[in-house]
């Protein structure tokens, strides 16, 4: 194998596939990046057997030559060293050549590295996915749907299914739900699909975080293919495979209250900043709890009290308060996470009592909601 490639494109592809490579693997060859050169271009692959990422660099794009293939072939190189080397090479072009016994030479300008390669035949094959069930979604929408739900997944392995985001495809609508059993985030959207089937899968939160970092903020579409135990995201020159979590995701629809006793409308920014200030003294405490109480004149009192540190009280003017008066306590962190995920200047918070979950929605937007369980404080 021998080819000459633009360094910038190589660096970008290496950074993308590195997101799937881990040093903690039971399969030693997976600490490497697989490089395949053929007459169409160069393909790089990284995998930790949960996530696999394949990045393709075409021979030419928009009339510019990116790769010159001198001799096709394949090799696996240690990811840690290879990624550091390509980042620091001195010139804009890189030559990679595999010699006898998998010895690989990397040349750039007057710099030359020799790396011991591994046999590409021993690298596990990526899942072969039949593309019968696929739908398409704009990249910016995909990133938004991940950002607005993935923070609410559980970080505890006691219920592994909750470490993922539940994606449901029903009648041309994609619904994404994440919960750690103390809070819940939901986002839904219409999508373009040829599928008639309904789907219900759970994607590891870690996979979605990595995917979100790799796909560009563009208006291009990502194709999504679902099988029994894998999901594949196909963007331009990029394939991202993730295994799915096994098991049934809990039915969360029961958690979301239909009616409310108190409804508060408030400016998102004012409310977020007040919660942030109140949490300054709460953060030291084990519980990070902030209290909210409705006042007579459509005001909200936000307070926090940590006996050994001090207390903070602040009043925020709301746009409207309807229904019963209310005192409630909740985690400042959960509230701030939820508010940052919502778009729009105003939010409506629907309470059904001091010990019942409450729901936060942007005004005039039915596609997204955040739910938080209150904290008992006596």
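Read-outs: derived from the displayed coordinates by stated rules, not from any lab. All values reported here derive from a predicted model rather than from experimental measurement. All Cβ positions, glycine included, derive from the backbone under ideal geometry; neighbour counts span all protein chains shown.
Placing a label point 7 Å from the Cα of residue 322 along the Cα-to-Cβ direction, the residues of the range 330-366 whose backbone N falls under 17 Å of that point are 346-353, 359-366.
If the Kirkwood radius is taken over C-alpha pairs of the range 53-119, then at 20 °C and 1.002 mPa s the Stokes-Einstein diffusion coefficient equals 162 µm²/s.
Test of understanding: extend the Cα→C-beta vector of residue 68 to 7 Å, then name every residue of the range 5-40 with backbone N under 15 Å from that spot. The answer is 5-7, whose backbone nitrogens lie closer than 15 Å to the label point.
Put the Cα centre of the range 345-365 next to the Cα centre of the range 156-219 and the gap is 22 Å.
Taking a point 7 Å out from the Cα of residue 248 in the direction of its Cβ, the residues of the range 189-219 whose backbone N falls within less than 15 Å of it are 200-202.
Calculated from the alpha-carbon coordinates, the range 256-372 shows an Rg and a Dmax of 13.4, 43 Å respectively. With the simple spin-label model, which puts each label point 7 Å out from Cα in the Cβ direction, the residue 269 to residue 196 separation comes to 5.0 nm.
Per residue, the Cα convex hull of the range 2-122 amounts to 98 Å³.
Apply 1/(1 + (r/R0)^6) to the Cβ-Cβ distance of residue 40 and residue 95, taking R0 = 22 Å, and write down the FRET efficiency to the nearest 0.05. Let's see the in-between values first.
On the way: r = 19 Å, r/R0 = 0.86.
Rounded to the nearest 0.05, the efficiency is 0.70.
All Cα-Cα distances of the range 181-271, cut into 10 Å bins from zero to the largest, leave 11, 34, 31, 19, 5, 0 percent in each bin in turn.
Between residue 84 and residue 293, the contour length at 0.36 nm per residue exceeds the Cα-Cα span by 69.8 nm. Across the chain, the mean sequence separation of Cα contacts (distance under 8 Å, 6 or more residues apart), normalised by length, yields a relative contact order of 12 percent. The modelled label-to-label distance between residue 259 and residue 309, using points 7 Å beyond Cα along the C-beta direction, is 4.0 nm. Tell me, what is the percent relative contact order of the range 138-218, built from C-alpha pairs under 8 Å that lie six or more residues apart? Relative contact order, the range 138-218: 34 percent.
When the chain is treated as a GNM with alpha-carbon contacts under 10 Å, the residue of 52, 156, 279 showing the greatest mean-square fluctuation is 156.
With helices as the sole contributors, the chain gives -5500 deg cm²/dmol at 222 nm; each DSSP H run of n ≥ 4 counts as -39500 (n - 2.57), and the sum is divided by every residue.
What the Cβ-Cβ distance of residue 50 and residue 356 gives, at R0 = 45 Å and to the nearest 0.05, is a FRET efficiency of 0.75.
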